[in-house]
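Notes follow the structure.
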Amino acid sequence: MNNLSSPLSLPCGAVLPNRICKAAMTEGLADVHDRPTKAHQTLYRRWSRGGAGLLVTGNVMVDKRYLERAGNAVLEDDTALAMFEAWAQQGTIGGNHLWMQINHPGRQCARLVNAQPLSPSDVQLKLAGLFARPRALLEHEILDIIQRFATTAALAKKAGFTGVQIHSAHGYLGSQFLSPITNRRNDQWGGSLENRARFLLATIDAVRKAVGPEFPVGVKLNSADFQKGGFTLEECIQVAQWIGERGIDLLEISGGTYERVAFLGEEGEVGGGVSSGDAKRESTRKREAYFLEYADAISKAAKIPVMITGGFRSVSVMQSAIESGQCDVIGLARPFCVDPDIAQKILDNTVVSTTRDEDDLNLGKGYWGAQSPSKTIQGLNNQGQAGWYYYQIVRLARNQAARPDFTARKALLWHLSGDIYRALRRK
């Protein structure tokens, strides 16, 4: 029996029908008023019918003034609730769970969206002038944001989403509070780990109060920032314990920030070069599931179900991770962009691996190559890869087939020009 097919009972009493999750990916499909569109419905209907037990949406922002990118949906009041209801209805048509990922970008709010972002401290994000220097949050603003998370969670429940996930990874606001690099405060919200974790824990408490004890609430957390002086694995283990004590239903482990993009695979390329046998399988496991090595300690501390997202491609590695107890749910993202039915194929044992399209996506050889020592060029390669997957998402949302032949160079231009167009149109 494929152990990925087994259901999972969550602490709140809800049951996931299997162990595969379509993890969050920013869609960029909202209209100029930050509302969901029919494209969301089409996309999530296809994913819902694709067999995954859990779908997590891309960023739904809690404040329309601060977006991760233009094209994010925003849910801060009930004015567009009917559109969210239609999204939720189509996204659960296959009998799966659909959780809304709720988020505030903090300093990772592009200059095109807002030239005065907010963060725990006024620490500049070093990314080619794309992001303005943030202003340090005042305490009343911190409390307002916490309440915004609770409001958005309650509205998500009202709209028919079956759960919410609080995003506190990848360098967004919750992650910024946890990191000593971006949180240099000397009040109750900064300094010690207990103080730096206060924002996340208060957000969890507010969300749980807003949705009740039987509604699934998840958290996405960095295993580490992979930056010198940043949030560490040891700190993650302690925060995971505190999260577990607050009755969270599913803890998703990832890693990295915009300045250190471990969640795009940079930290995962550690295997390879082994010819056969157990060594080769171990190499494949390390290369694929690059956050899995942290999962044991984190899950033991949290004592709640854990999901690992990042790099899984071989079905045998996924099954091994579940069988060993290292994690309870397998998070996949990019494979769903090229094959919306990939989860069902995995569950039916009709594939042994998903595709690794990212291996062939770079901007070319020489100066533009992926091996260039320039961080700027590496960043452009990452943007080209991301743009390629965004392009496939848009095609799925138009009810079209993916286009694997689309090049990374075309994807980079398409992605950057599209983000600029959406931001200017929104303004």
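Quick look at the numbers
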read-out	value
Sequence of SER316, SER48 when ordered by accessible area, the most exposed leading, probe 1.4 angstrom	SER316, SER48
Restricting region 115-153 to trypsin sites (Lys or Arg not before Pro) in coil, as DSSP defines it, with at most 13 other Cβ within 10 Å	LYS126
Flagged links, alpha-carbon separation over 20 Å, of LYS64/LYS427; LYS22/LYS220; LYS126/LYS410; LYS22/LYS158; LYS157/LYS209; LYS220/LYS300	LYS126/LYS410; LYS22/LYS158
Convex hull of the chain built on C-alpha atoms - directionally averaged projected area, nm²	18.8
Of the DSSP H helices in the chain, those whose Cα atoms cover at least 27 Å axially and whose Kyte score averages 0.0 or more	139-159
Computed lengthening from LYS427 to GLU293, 0.36 nm per intervening residue step minus Cα-Cα distance	43.8 nm
Å² per residue, accessible surface of region 53-198 at 1.4 Å	34
Accessible area of the chain belonging to carbon and sulfur atoms, whole % at 1.4 Å probe	50
Inter-probe distance in nm under a simple model that places probes 7 Å from Cα toward Cβ, at LEU413 and SER192	5.6
Nitroxide proxy distance, nm - points 7 Å out along Cα→Cβ at ASP78 and ARG133	4.4
Hypothetical label at GLN400: residues of region 21-39 whose amide nitrogen lies under 15 Å (7 Å Cα-Cβ projection)	39
Space enclosed by the convex hull of the alpha-carbon atoms of region 115-258, per residue, Å³	111
Helix-only CD estimate at 222 nm, as mean residue ellipticity for the chain, using -39500 (n - 2.57) per DSSP H run (n ≥ 4)	-11500 deg cm²/dmol
Ordering of 204-217, 392-405 by burial proxy (mean other Cβ atoms within 10 Å per residue, highest first)	204-217, 392-405
Heavy atoms of ASP34 accessible to a 1.4 Å probe, total area in Å² rounded to 10	10
Length released on extending from LYS38 to SER324, taking residue separation times 0.36 nm less the Cα-Cα span	98.9 nm
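The values are calculated or read from the model by the stated rules, or taken from the named source; none is laboratory data. If you're wondering where the values come from, they're calculated on a predicted model, not measured in any experiment. In this analysis, Cβ positions are derived from the backbone assuming ideal geometry, glycine residues included, and neighbour counts consider all displayed protein chains. Heads up: the accessible areas ignore ligands, DNA and RNA and are worked out on the full protein's heavy atoms, side chains in. Shrake-Rupley method; radii C 1.70, N 1.55, O 1.52, S 1.80 Å.
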